[in-house]
Every structure is written in C-alpha cells, then in structure tokens.
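Data first, discussion second: the structure below is written as structure tokens.
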Amino acid sequence: MNPNDQMAAATSQTVDFDIDGKQHGFLALPYSSEQSAWGSIQSPITVIRNGSGPCVALIAGLFGDEPNGTIALHRLAREIDPANITGTLLILPCVNPPAAQNNSRRSPLDNKNLNRCFPGDINGSVSERIAHMLSTEIIQRADVVLDMQSGGKSMAYAPSAVVHFLKDREQQTRNEESMISFGAPNSVRMLELQERGMLDSHVESLNKTMLTILLGSGGGVSSDALRTANIGCRNMLVQLGVLNEEIQLRATRMLEVENDACMISAPCDGMLELFASTGQEVYHGNPIAQIINPLQTGAKPISITANKNGVVLAHHFSGNIRQGDCLAVIADEVQR
C-alpha cells in the first residue's frame, strides 16, 4: 500500500480505550468530498472503563432508518456511572453516519448496505471502510457484541432478542444466556439465511458472544421499544458481571425460525392489508393478509394465508408491497 492509500484508509479516535472513567468521542474515517476536501466521517463512541473485566460492545445504527437503538444507546451512554462498571463498555449508537443523515437503509455515498460489508476492506468503498474500522477497533476488542436493530421503514418486528443456531454448542449456550437475561418479550433462535458480510456472522466466526435485538417498525421511535432496550441492555450487563445493578426479571416467550419455510413472500405487486400483527398467534390456512390492486375497483384481492401454526415475528410495514418482498415471518413457539 502506498503512503497516499495508507493515509486515506487510516482511522483515528478521540478516546483512549485503556484508561478508566467515561469518555465521549469519535471514531474518525478520512473522507474527502465536494463539501470538505479534508473531511472525515465521525462515528460517536462512549468508552466506560473500570479496571479489568469483560469488554462489551453495544452497537446501533447499522442502518440509517432505525432510530430506536440509537436513542436507547445515547441514553445509556449518558446514564451509566463508571463506578458501577467492572471491565469495559463500548457504546456506539450511530455507526453509519452517512445513512443516518440520509434516513436511509443504504449509504448515500456508495449505495451499499453496511450490514453486508463485514469484515470490511481497508481499501474499499466508504461502507467497506466503516466495516473494517468497526472490525479492527471494536469487534477485536470486545468479548460480547450486542447489535440493536428495528426494522427500518419496510419491516415491523415483534420486540425480540435473537441468536443464531450455531454448530459450537458452548458458543450457542453463551449467546442464549445473554438472550434470556436481556428479557425481551420474545427470545428467538434463528437460522441465518443471508450470512455473507453480516456483522453477527462475522462476530460469531470469531467465537465471540453475539446478540441481536429487533425492536420497533416503520423507521419511527417507540417509547415501549426504548424501555425494552434500556432495561434489556442493563440486564445483560448485570448477567455478564459488567454492571453492578439489580436485574429486572421479565417474562419471555421462546420462538424459533428454523428455515426459509417460516417466511412468506408477496406473490404480486399491490397494496398490503394485514389481518395479523406482530406477536399474534396464527393458524395454518387462516388469512393473515390480502394484496389489493389499488388501480382497479372490483378486482378480487389476493388472499395470503398462514402456511403454518405459529407467531407472527415480523411483517412488511409499508402499505405498498412488491412481488418477492418478505410479507411475513411466522415463528414456532417452543419450550426453552
């Protein structure tokens, strides 16, 4: 790599990961644009450290249209007292500033999905360089990673903590212990169907504990989702021995998504009318939605029925839907 490439790829930070106390700062990635020849993309970070112990990274904002996690982690960054911490807590509430500023799922700078770019490329596009920065500066340091998502503009989720089915049983157990301690209304074991380039799959490949939180819908903010996130993150940190607080016990329903048969795709374009909401029980053969042709009165709607008994884990949010879009995900309810 020549010196110019090294300078372009280099990252810097305004925090010191090795000192005790609380620091608010940035991870900075050089980015030259028409507006700023010597500019940078700055991802906010809070480092809270108190002696030796586990290192936990709380991440939100992989997508720019998911504000619940960003708001929840900003609150934690303000509220948590270093005196109550044992180890290190890394809080990154907005890891994809270009997408957040554009309120979009993909970055407006390279039209890429950050959550398909891991582990990243130091010489790649902006999103690939952000992924590389997170991989080297954060993921490598962390023992446990929590990623908070909320469906964006196109999906609605039942509030859930999610882990993948893994071949490594010890790693699976660690992930599930964090999932149960989080105490979301739903705890989900899921088969990852699109693992290439995803943050969670990258973290799992390093044999680290990984938990994904799914909250909210439609790109908006929900007070219930923020409450679930705040209590859940604290509970998980208590279970890991990082935070000295009382755990707040909450009931959780165990669900599984074992294969792509749990997903229902739209068979045509149209306007979606839902008959079932997230968290609702549905039964095989019962109508859960219909797709209407909005441009033709008198046309018979296309009925969508549940392909199995289960619980609606997620559904399409927007009124308009296109053929091939994920219309709904129906999970199996199982014993813990």
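Here's how it looks for Arg253: its modeled amide H is under 5 Å from those of Asn186, Ser187, which are all 5 or more places away or on a different chain. Listing Met198, Met179 from fewest to most neighbouring C-beta atoms within 10 Å gives Met198, Met179. Taking θ as phi - 60° and the Karplus parameters 6.51, -1.76 and 1.60, the scalar couplings of the stretch 255-260 work out to 10, 9, 10, 8, 7, 6 Hz in sequence order, x denoting glycine and proline. The Cα atoms of the stretch 3-256 cover 52, 41, 36 Å along the three principal axes, with the biggest extent listed first. Label positions at Glu170 and Met263, each projected 7 Å from the Cα along the C-beta direction, are separated by 3.2 nm. Descending by average beta-carbon neighbour count within 10 Å, the peptides 44-53, 291-300, 243-252 line up as 44-53, 243-252, 291-300, the highest first. Secondary structure note: in the chain, about 65% of the DSSP beta bridges are antiparallel. From helices alone, the chain scores -6500 deg cm²/dmol at 222 nm; the rule is -39500 (n - 2.57) for each run of n ≥ 4 DSSP H residues, then divide by the residue total.
For Ile288, enumerate residues with amide H under 5 Å from its amide H, sequence gap 5+ or separate chain, H modeled in the peptide plane. Here the answer is Ile304, Thr305, Ala306, since their amide H atoms fall under 5 Å of that of Ile288.
Between Val221 and Arg336, full extension at 0.36 nm per residue minus the direct alpha carbon distance yields a gain of 38.4 nm.
Straight-line cross-link reach from Lys167 at under 20 Å between alpha-carbon atoms covers these aspartates and glutamates, not counting any fewer than eight positions away in the same chain: Asp143, Glu176, Glu177, Glu192, Glu195, Asp200, Glu204, Glu256, Glu258, Asp260. Residue exposure proxy: Asp260, Asp325, Asp200, ordered by other Cβ atoms within 10 angstrom of their Cβ from fewest to most, comes out as Asp260, Asp325, Asp200.
Among His315, His74, the ranking by other beta carbons within 10 Å of each residue's beta carbon, starting with the fewest, stands as His74, His315. For Asn309, the residues whose amide H sits under 5 Å from its own are His284, ignoring neighbours fewer than 5 places away on the same chain, with H placed 1.01 Å from N.
When each of the peptides 81-89, 158-166, 35-43 is scored by the mean number of other C-beta atoms lying within 10 Å of its residues, the order from highest to lowest reads 158-166, 81-89, 35-43. 3J(HN,Hα) couplings calculated from phi for the stretch 118-125 with the Karplus curve 6.51 cos²θ - 1.76 cosθ + 1.60 (θ = phi - 60°) are, in sequence order, 7, x, x, 9, 5, 10, x, 6 Hz; Gly and Pro show x.
Straight-line cross-link reach from Lys112 at under 27 Å between alpha-carbon atoms covers these lysines, not counting any fewer than eight positions away in the same chain: Lys153, Lys208.
Take every DSSP beta bridge whose two residues both sit in the stretch 154-275; close to 30 percent of them are antiparallel.
Bear in mind that the values in this text are calculations on the coordinates, not laboratory data. Being a predicted model, the structure only gives us computed values, none of them experimental. Cβ sites come from the backbone with ideal geometry, for glycine too, and all protein chains shown count toward neighbours.
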